[in-house]
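Notes to accompany the following structure.
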Amino acid sequence: MEIKFEKNSVKPNLPKESELGFGKYFTPHMLVVQYEEGKGWYDAKICPFANVSLHPASTVLHYGAEIFEGLKAYRTKDGSVQLFRPMENIRRMNNSAERMCLPLMDEDEMLSLLLAFVKCEEEYVPHSFGTSLYLRPFLFGNDESLGVHTVKRATFMIIASPSGSYYKEGINPVKIMIEEEDVRTVRGGTGYAKCGGNYAASTRAGERASKLGYSQVLWLDGVERKYIEEVGAMNVMFKIDGVIVTPKLTGSILPGITRKSCIEVLRAGGYTVEERLLSVDELLLAMKEGRLEEAWGCGTAAVVSPIGRLMYKGTEYIIGEEKIGKVTQRLYDTLTGIQWGKLPDTYGWIYRV
């Protein structure tokens, strides 16, 4: 697909890399591609970053026909730029699109668009370890009609945000509340799709947890309210009796790329990893008996986030003396080492720009 280019002569006023934060600043360009049923994808362009104009009846505004992805471009010590498993994001985006009745895009075509955009914005990939250029591909329906039907017109876009280190003062274990009222998604719903509605529906519980002094919530399943699913917007893992246990993908859990990478690293390191149903009762018993050695969330933004405390029905449980565990630290060091080029990529995950 040919990409038209329109240069933006205005450069963003960015702060020091140590003050970037996450998702606050944006590079001067964005990639935009249009879709129309019967015509396919067309009019690909990289143009100046600007507001998007939408018809008031656009499908996305009324029926939430929208999906997105999140991945990063990393600057290595020699100054080159690389991506971490971008094809996994592309495949997941197409899976999300299929679930939300949005148009799919050829995988190689999407990769070409992504690489062209990163190459265009390459100078905005920060240099400090822990920083990155966060990439946000997204796709939304924009039919100019209030009828509920499969999307006939859509727009695919990519924007980029230079972002700072997630951990400014080291990796500190967080406090998590097990949510008893709200659920994130249900089996048969959109849990495995990366769509905005999943995140909007989760914010109420997150706000309640925050007011009680907890960083996030640990979700239970939406049917029996007894099986562990995710922690906040991340996948979750536990080390119980030396075995790594993580909730299996039942359709209500997002198939995280960091989750998949953690499992591969752990199994290569000799650990037994079980992907299965894990009830809150089993988890509580393991905590009470001292058999829960470590717990952590894993996702693109934080890579891994150790859990130091869990609260359920008013009772708090301390995990691993509220210190980062050996397995959690090993995962963080291994994945970030590969992502920023400090360790050799023995898995074939890195894609150089």
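Which shape class applies to the stretch 174-339: rounded if a/c is under 1.5, otherwise prolate when a/b exceeds b/c and oblate if not, where a ≥ b ≥ c are the square roots of the Cα gyration tensor eigenvalues? It would help to have the intermediate numbers written out before the result.
Values: a/c = 1.45, a/b = 1.16, b/c = 1.24.
Taking the square roots of the gyration eigenvalues as a ≥ b ≥ c, the stretch 174-339 is rounded.
Mind checking which of VAL265, VAL81, VAL304 has the largest fluctuation in a GNM of the chain, springs on alpha carbons under 10 Å?
Among VAL265, VAL81, VAL304, the largest GNM mean-square fluctuation belongs to VAL265.
Given a cut-off of 19 Å, name the pairs among LYS7/LYS45; LYS239/LYS288; LYS168/LYS194; LYS119/LYS194; LYS226/LYS248 whose C-alpha atoms lie farther apart than that in the structure shown.
Values: LYS7/LYS45 11 Å; LYS239/LYS288 14 Å; LYS168/LYS194 27 Å; LYS119/LYS194 25 Å; LYS226/LYS248 14 Å.
Among LYS7/LYS45; LYS239/LYS288; LYS168/LYS194; LYS119/LYS194; LYS226/LYS248, the Cα-Cα distance tops 19 Å for LYS168/LYS194; LYS119/LYS194.
Take the alpha carbon atoms of the stretch 292-336, find their center, do the same for the stretch 189-242, and report the distance between the two centers in whole angstrom.
Spelled out, the Cα-based centre of one part sits 15 Å from the other.
Given a cut-off of under 8 Å on Cα pairs at least six residues apart, what relative contact order in percent is computed for the chain? Spell out each step's value before the answer.
Working: 746 pairs, mean separation 63.9, N = 353.
Reported relative contact order: 18 percent.
Pairs LYS16/LYS326; LYS24/LYS313; LYS16/LYS72: which are spaced more than 27 Å apart, C-alpha to C-alpha? Present the calculation step by step, with values, prior to reporting the outcome.
On the way: LYS16/LYS326 32 Å; LYS24/LYS313 36 Å; LYS16/LYS72 19 Å.
Too far apart for the 27 Å limit: LYS16/LYS326; LYS24/LYS313.
With a point put 7 Å past each Cα toward its Cβ, work out how far PHE68 is from LEU54 in nm, to one decimal.
For PHE68 paired with LEU54, the spin-label model returns 1.2 nm.
Return the ratio Rg/(2.2 N^0.38 Å) for the stretch 3-163, where Rg is computed over Cα atoms only.
Values: Rg = 16.3 Å, N = 161, 2.2 N^0.38 = 15.2 Å.
For the stretch 3-163, the normalised Cα radius of gyration is 1.07.
With Cβ to Cβ distances under 14 Å as the rule, what net charge do the other residues near GLU207 carry (K, R +1; D, E -1)?
On the way: positive: ARG204, ARG208, LYS211; negative: GLU179, GLU181, ASP182.
Summing Lys/Arg as +1 and Asp/Glu as -1 gives 0.
Relative to the longest principal Cα axis of the chain, at what angle does helix 257-268 sit, 0 to 90 degrees, rounded to 10?
Computed tilt is about 50 degrees.
With a sphere of radius 12 Å drawn around the Cβ of LEU335, what net charge do the other residues whose Cβ falls strictly inside it have (Lys, Arg +1; Asp, Glu -1)?
Numbers: positive: LYS72, ARG85, ARG259, LYS260, ARG330, LYS342; negative: GLU264, ASP333, ASP345.
Around LEU335, the charge tally is +3.
What number comes out for the charge environment of LEU14, summing +1 per Lys or Arg and -1 per Asp or Glu over other residues with Cβ under 13 Å away?
Details: positive: LYS11, LYS16, LYS24; negative: GLU17, GLU19, GLU121, GLU123.
Once all neighbours under 13 Å are counted, the net charge is -1.
Return the loop-located trypsin sites (Lys or Arg not before Pro) in the stretch 117-175 (DSSP other than H, G, I, E, B) with at most 15 other Cβ atoms within 10 Å of their own Cβ; answer none if there are none. Intermediate results must be reported in sequence, preceding the final value.
Details: sites: LYS119, LYS152, ARG153, LYS168, LYS175; in loops: LYS152, LYS168.
Of the trypsin sites (Lys or Arg not before Pro), the ones in loops of the stretch 117-175 whose Cβ has at most 15 other Cβ atoms within 10 Å are LYS168.
Summing -39500 (n - 2.57) over the DSSP H runs of n ≥ 4 in the chain and dividing by its residue number, what mean residue ellipticity at 222 nm do you reach, to the nearest 500 deg cm²/dmol? If you can, show how the numbers build up before the last one.
Numbers: 8 runs with 82 residues, N = 353.
That calculation yields -7000 deg cm²/dmol at 222 nm.
Among the aspartates and glutamates, which have Cα under 20 Å from the Cα of LYS323 when same-chain residues fewer than 8 positions away are ignored?
GLU169, ASP241, GLU289, GLU293, GLU294, ASP333
Once fully extended, how much extra length lies between ARG276 and LYS11, figured as 0.36 nm per residue of separation less the alpha-carbon to alpha-carbon distance? Don't skip to the answer; put the middle values down first.
Working: separation 265, 0.36 × 265 = 95.40 nm, distance 4.89 nm.
Difference between extended and current length: 90.5 nm.
Springs between alpha-carbon pairs under 10 angstrom, Gaussian network model over the chain: which of GLY189, GLY320, GLY164 fluctuates most?
GLY189
Give a residue-ordered list of calculated ³J(HN,Hα) values for the stretch 235-249 (Karplus: 6.51 cos²θ - 1.76 cosθ + 1.60, θ = phi - 60°; whole Hz; x for Gly, Pro).
Couplings: 6, 9, 9, 9, 9, 10, 6, x, 9, 8, 10, 9, x, 6, 7 Hz.
For a label point 7 Å from the Cα of GLU37 along Cα→C-beta, name the residues of the stretch 142-171 whose backbone N is under 16 Å from it.
Within reach of a label on GLU37, which here means backbone N under 16 Å from a point 7 Å along Cα→Cβ, the stretch 142-171 contributes 142-155.
A short reminder: the numbers here are calculations on the coordinates, not readings from a lab. Since the structure is predicted, the reported quantities are computational estimates derived from the model, not experimental observations. Here Cβ is always computed from backbone atoms with ideal geometry, including for glycine, and neighbour counts include all displayed protein chains.
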